[in-house]
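> Okay, handing you the structure first.
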């Protein structure tokens, strides 16, 4: 595997389910990001981890819970989501948090 | 709060034409600016990164310029091809911030 990978690529979940999105980067970077892309809206930054510590949290509802166990892996734990949370969730990584960001293919999430 | 605007929202050109995509931002205190390409339902591919101290960057048929004082960047695509059809996104990183602020993108269609 090369670059940034995300699993699953597609996810359908009910509002009472609990699921997790996984991101893995193979670039040796030390910063990782979660973004949300909704229809008709610009990409929105959700969370930033640098050296495995959360450094930014952009007023994201608590039903989204990130986890960064090491510099190569990032998770987004989901519980009791709402239909408006349906979107493309993108993971990215960069070196040092200041440099060029590389994105994964995204997880298309549908909440029913 | 940084805001990024991309004009036009959509553009359709015949194959072989040169074209310019525009990006403007409200806060000139940026660290860098990045142009991305996004194919339908896919993640983002980084095209060019311009540091705040630079005026332009080139990669193949692509040239991006930055005028930080006026809050503008342009992406020039030479000799367009049908494979260039995608949505092009501009994003700026504020000085001292991890956050990339994105525009809504320009959807480009190159007609054979």
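The values are calculated or read from the model by the stated rules, or taken from the named source; none is laboratory data. As the structure is a computational prediction, the values presented were derived from the model and not from experiment. Because the Cβ atoms are built from the backbone with ideal geometry, glycine has one as well, and the counts that use them run over all protein chains shown.
Residue-by-condition table, conditions (1) in contact with a strand residue (DSSP E or B) (Cβ under 9 Å, 6 or more places away or on another chain); (2) on the phi > 0 side of the Ramachandran plot; (3) surrounded by 17 or more Cβ atoms within 10 Å (Cβ to Cβ); (4) at pLDDT 95 or above:
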site: A:22; (1), (2), (3), (4): yes, no, no, yes
site: A:31; (1), (2), (3), (4): yes, no, yes, no
site: A:40; (1), (2), (3), (4): no, yes, no, no
site: A:48; (1), (2), (3), (4): yes, no, yes, no
site: A:56; (1), (2), (3), (4): yes, no, no, no
site: A:81; (1), (2), (3), (4): yes, no, yes, no
site: A:91; (1), (2), (3), (4): yes, no, yes, yes
site: A:101; (1), (2), (3), (4): yes, no, yes, no
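> For the stretch A:76-110, how many residues are under 30 Å from residue B:52 (Cα atoms) and either away from every other protein chain (no Cβ under 14 Å) or touching a helix residue (DSSP H, G or I) at 6+ places or on another chain (Cβ under 7 Å) (or both)? Let's see the steps before the verdict.
First pass over the stretch A:76-110, keeping only residues under 30 Å from residue B:52 (Cα atoms): A:88-106.
Those still in the list that are either away from every other protein chain (no Cβ under 14 Å) or touching a helix residue (DSSP H, G or I) at 6+ places or on another chain (Cβ under 7 Å) (or both) too: none.
Within the stretch A:76-110, residues that are under 30 Å from residue B:52 (Cα atoms) and either away from every other protein chain (no Cβ under 14 Å) or touching a helix residue (DSSP H, G or I) at 6+ places or on another chain (Cβ under 7 Å) (or both) number 0.
> Just to be sure I understand, how many residues within the stretch B:86-112 are crowded, with 19+ Cβ neighbours inside 10 Å and closer than 20 Å to residue B:39 by Cβ?
Number satisfying all stated conditions: 13.
> Of all residues in the stretch A:61-73 being within 12 Å of the chain's Cα centre (by Cα) and over 18 Å from residue A:4 (Cβ atoms), which is surrounded by the most Cβ atoms within 10 Å (Cβ to Cβ)?
A:64
> Are there any strands (runs of 3 or more DSSP E) wholly within the stretch B:7-112 with 3 or more residues that are within 10 Å of chain A (Cβ to nearest Cβ), and if so which?
Result: B:30-38, B:44-51, B:86-94, B:100-102.
> For the stretch B:69-83, enumerate the residues that are farther than 24 Å from residue A:41 by Cβ and surrounded by fewer than 19 Cβ atoms within 10 Å (Cβ to Cβ).
Passing the criteria: B:69, B:70, B:76, B:78, B:79, B:81, B:82, B:83.
> Across the stretch A:31-64, what is the number of residues that are away from chain B (no Cβ under 14 Å) and in contact with a helix residue (DSSP H, G or I) (Cβ under 9 Å, 6 or more places away or on another chain)?
Selection size over the stretch A:31-64: 3.
> Quick check, is residue A:67 free of Cβ contacts under 8 Å to residues at least 40 places away in the same chain and more than 14 Å from every other protein chain (Cβ to nearest Cβ)?
yes
> Out of A:88, A:76, A:81, A:109, which single residue is touching a residue at least 60 places away in the same chain (Cβ under 8 Å) and either under 22 Å from residue B:34 (Cβ atoms) or under 14 Å from the mean Cα position of the chain (by Cα) (or both)? Steps first, answer last, please.
Working: A:88 fails: touching a residue at least 60 places away in the same chain (Cβ under 8 Å); A:76 fails: touching a residue at least 60 places away in the same chain (Cβ under 8 Å); A:81 fails: either under 22 Å from residue B:34 (Cβ atoms) or under 14 Å from the mean Cα position of the chain (by Cα) (or both).
Of A:88, A:76, A:81, A:109, the one residue that is touching a residue at least 60 places away in the same chain (Cβ under 8 Å) and either under 22 Å from residue B:34 (Cβ atoms) or under 14 Å from the mean Cα position of the chain (by Cα) (or both) is A:109.
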